[in-house]
Amino acid sequence: MALPAVPSAAVAAAVVDDAPAADSAAAEGTAQQQQSAPPSEEDLDSRAERMVGEINKHLPKDVKVFDIIRTTNTFDARKG
């Protein structure tokens with residue numbers, strides 16, 4: 001049985017941010033740090049693994065996210 005394609009926006013909507021809000025000064029400092037050096041591949045892989053786990057916690061048992069893959073802006077899941 002083939003599963004229907006799900007647009008990326010629908011999957012992204014399943015992510016829930018439970019982190020407490022940071023004050024504006026800390027947020028600005030974090031934004032400046034992120035702009036100065038891009039994250040390493042290991043950091044991105046680690047974040048993706050954590051996100052997969054968090055998304056799967058909120059999904060029914062018969063639905064599962066296996067991986068998160070970075071794509072280009074022109075990617076369209078409906079076109080293979």
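Residues that are surrounded by 10 or more Cβ atoms within 10 Å (Cβ to Cβ) and not in a loop (DSSP other than H, G, I, E, B) within the stretch 54-80 comprise GLU54, ILE55, ASN56, listed in sequence order.
ALA14 falls short on exactly one of the conditions (1) surrounded by 10 or more Cβ atoms within 10 Å (Cβ to Cβ); (2) part of a helix (DSSP H, G or I); (3) at pLDDT below 55, and that condition is (2). Of the residues making up the stretch 53-80, just one is of a type outside the set (A, V, I, L, M), more than 25 Å from ASP43 (Cβ to Cβ) and in contact (Cβ under 8 Å) with a residue 60 or more places away in the chain, namely ARG78.
The values are calculated or read from the model by the stated rules, or taken from the named source; none is laboratory data. Predicted model, so just to flag it, every value in this text is computed and none were measured. Here Cβ is always computed from backbone atoms with ideal geometry, including for glycine, and neighbour counts include all displayed protein chains.
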